[in-house]
Every structure is written in C-alpha cells, then in structure tokens.
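The values are calculated or read from the model by the stated rules, or taken from the named source; none is laboratory data. Keep in mind that what you see is a predicted model, and the values were worked out from it rather than measured. Glycine gets a Cβ as well: all are built from the backbone with ideal geometry, and neighbour counts include every protein chain shown. Side chains included, ligands, DNA and RNA excluded: accessible areas come from the protein's heavy atoms. Shrake-Rupley method; radii C 1.70, N 1.55, O 1.52, S 1.80 Å.
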Amino acid sequence: MNAMVIHKYGDGPVSLERMPIPNMNPTEVRVEIKAASINPIDYKIKEGGLRPLLKYDFPLILGNDFSGVIAEVGSKVKGFKVGDEVYARPRKNKIGTFAEYIAVDENDIALKPSNLTFEEAASIPLVGLTAYQALNDVMKLKQGDKVLIQAGSGGVGTFAIQLAKAMGLYVATTASSRGYDLVSSLGADKIINYREEKFWEVLSGYNGVFDTLGGENLEHSFEVLKEGGTVTSISGMPTAKVAKSMNLGAAKQVLFKLASSKYTRKAKKYHANYEFLFMKPSGEQLTVIKDLIEQEKIKPIIDKVYDFKDTEAALEYSISGRAKGKIIVKMGDSK
C-alpha cells in the first residue's frame with residue numbers, strides 16, 4: 001500500500017513509500033481509508049516532541065484519525081461488517097492514517113455520520129473525542145455552566161463550541177477579527193478579540209477553561225475560574241496522574257509532577273483544579289457524536305482539502321497556524 005512515512009524524528013519531509021498492508025488481529029477490522037485529517041499531534045510526533053510519552057519504531061506512518069470503508073473483519077469482531085462506512089481515532093500505538101489501509105480495534109471505531117462525506121467525517125474523530133472528554137469526562141460540565149474555550153476558530157475549538165452549546169453551556173471564546181464571524185456562527189456567547197483585550201481581564205466566574213494553546217494563556221486561565229473550577233489543557237504539561245494512567249514508570253511520574261508543578265500551584269492558589277487531557281479512543285463516544293451530527297447539532301468545519309500526495313503541504317499549512325477549522329487529506333477515490 002502507499003503511505004506517508006518518516007524514518008527519523010526531525011523537521012524533514014514525509015515521504016510517499018510502499019509499505020506492507022498492516023496485520024490484523026481477531027478483534028480488529030482492516031479499513032480502506034478514504035480520508036484523514038491533519039492534527040497538531042502529527043507534527044509533534046514527527047518532530048519527536050512526544051518521545052517522553054510515546055515510543056514509536058521506524059519507519060513510522062503518521063496520521064491520527066480517518067474515515068473509510070471496512071475491507072475485512074477479524075474473527076472475533078461482532079459489531080461491524082465488510083462494507084460498513086466508519087470513522088475513528090486509532091490507539092496511540094496503532095497510528096498510521098496517512099495510508100491506504102489501517103487495522104483498528106472494533107472498540108475504537110463507529111459508523112460514520114450518514115449525512116457527512118468521507119472528508120467531512122475524517123475531520124471529526126480526534127477533535128470530537130478531545131472536546132467531548134474535556135467537557136464531559138474531565139470538567140463534568142452541566143447545563144447552565146460557563147466555559148471558556150481558547151482559540152475558538154481552530155480545529156478543536158470549532159467542534160468544542162458546538163458541543164458546548166449542544167450541552168446547554170454558556171460559551172466564551174478567544175479569536176482574532178478573522179475568526180469572529182465563524183465562532184459567532186457556531187454559537188459562541190462572548191467573543192474576546194485576543195489582539196485587543198486580555199481574556200483574564202474581562203472574564204470571571206467560569207466553571208471551566210478548555211486550554212488549547214498553553215503558555216501565557218494557560219497560566220492566566222486560572223484567573224477566570226470560580227472556586228472549584230477546572231482548567232483542562234491539551235497544550236500544557238502532563239501531570240503525574242497522566243503518567244500513571246499511561247503506565248509510565250515512577251521516574252517519569254516524578255518528572256511530570258515537577259514539570260506541571262507551576263500549573264498545580266496556580267490551581268491551588270485559585271482554589272481550582274488543573275488537568276492535562278491525553279485523549280483516549282472510544283467508539284462509544286464517537287457514536288454519541290455521530291448522533292449529534294445527524295441531528296444537525298454539530299457540523300464539520302473544514303478549511304482546506306489536500307490530495308494524498310500533498311500530505312507534506314497539508315502538514316506545513318497546519319504548522320502555519322492560519323487554518324480556520326480542519327485540514328483534510330483525501331485518498332484518490334474518496335467521495
């Protein structure tokens with residue numbers, strides 16, 4: 001099969017190569033990929049930024065979510081059949097969606113929303129699961145709560161705003177003037193132009209902050225929370241709790257405890273909580289998201305679609321930070 005591959009960490013390009021079709025175990029399905037999406041984690045893996053958390057062998061096929069058609073099912077698979085149109089975020093040790101085929105556990109996949117194209121469906125799994133787990137599983141927000149979603153016009157932000165509104169939350173978000181109309185159309189209740197004002201000077205009393213930026217934005221996020229509120233970050237430092245959940249050794253747990261201490265101290269100062277989210281695949285949650293999409297409560301937001309052969313250009317565009325919504329890579333015969 002054709003696949004986009006790296007042979008070492010660094011800023012070199014991905015290369016289009018012939019690779020073996022992935023082996024499939026009895027609980028997996030083999031999917032013919034129709035489309036995949038670009039996510040920040042792709043270039044973090046490519047550049048070696050996640051080596052303390054994730055170990056990969058080379059050559060490595062990049063790509064972290066997809067949509068496609070099941071071509072073969074394992075002997076123990078019960079919930080899916082050949083020909084099913086599906087979408088998923090594979091497990092972290094089974095990535096490789098910039099390819100013509102992938103093997104993925106049946107617990108990690110769901111039928112794709114029937115009202116979406118393959119390209120639209122491919123835009124959903126990683127950002128959808130990330131937003132769902134941040135708002136529901138970590139912050140446990142409920143109807144009427146107030147949440148700040150950083151970078152509302154980005155790939156994660158555009159989904160998270162829509163999900164938050166579907167949950168009955170009051171949503172504030174940050175955006176530039178270029179992204180104002182987009183986040184407004186998605187239902188944001190309050191929009192802070194980050195070029196003109198500082199969100200921590202105008203917001204207060206929030207139940208949660210979903211941080212997608214890290215740095216100064218993360219540090220100031222605690223200042224807008226009410227007592228007992230939670231900052232959930234996907235761009236800050238992982239905590240010892242995350243290291244333990246990933247079965248990393250005691251040394252790494254101590255390392256991450258020290259690395260995240262500045263945020264845990266901030267949380268303590270403001271009588272709040274700091275959580276780092278390392279999203280987990282879930283076919284069950286993707287089915288919930290599928291239902292919301294089919295009910296037209298959430299729609300995909302796509303910035304650009306690239307041909308598979310132009311995956312490197314898609315990655316470069318993602319790194320530029322100019323995208324409003326998701327960047328998609330489509331295989332030749334996707335529809």
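Taking the range 193-229 as the range and being among the aromatic types (Phe, Trp, Tyr) and either in a helix (DSSP H, G or I) or over 25 Å from ASP181 (Cα atoms) (or both) as the test, the residues that pass are PHE199, TRP200, PHE222. Filtering the range 147-158 to residues that are in a helix (DSSP H, G or I) and either touching a Ser or Thr at 6+ places or on another chain (Cβ under 7 Å) or open to solvent by less than 10 Å² (accessible area, probe 1.4 Å) (or both) leaves VAL156, GLY157, THR158. When we screen SER177, SER123 for residues that are open to solvent by less than 10 Å² (accessible area, probe 1.4 Å) and of a type in the set (Ser, Thr, Tyr), the only hit is SER123. Count of the range 104-140 residues, restricted to those that are of a type in the set (D, E, K, R), touching a residue at least 40 places away in the same chain (Cβ under 8 Å) and part of a helix (DSSP H, G or I), is 4.
Which one of these does SER233 not meet: (1) of a type in the set (Ser, Thr, Tyr); (2) touching a Gly at 6+ places or on another chain (Cβ under 9 Å); (3) at pLDDT below 95? Result: SER233 fails condition (3) only.
Scanning the range 230-243 for residues that are in a helix (DSSP H, G or I) and open to solvent by less than 20 Å² (accessible area, probe 1.4 Å) returns VAL242, ALA243. Criterion first (touching a residue at least 60 places away in the same chain (Cβ under 8 Å), of a type outside the set (Lys, Arg) and in contact with a Pro (Cβ under 7 Å, 6 or more places away or on another chain)) does LEU315 satisfy it? So LEU315 does not fit the description; no. Pairs meeting the criteria (first residue in the range 8-36 and free of Cβ contacts under 8 Å to residues at least 60 places away in the same chain and farther than 28 Å from GLY79 by Cβ, second residue hydrophobic (A, V, I, L, M, F, W, C) and open to solvent by 70 Å² or more (accessible area, probe 1.4 Å), beta carbons under 7 Å, at least 6 apart or on different chains) are LYS8/PHE58. SER67 - would you say it is crowded, with 24+ Cβ neighbours inside 10 Å and in contact with a Pro (Cβ under 9 Å, 6 or more places away or on another chain)? When the stated conditions are applied, SER67 passes them. The helices (runs of 4 or more DSSP H) located wholly in the range 244-318 that include 1 or more residues which are under 16 Å from VAL127 (Cα atoms) occupy 283-294.
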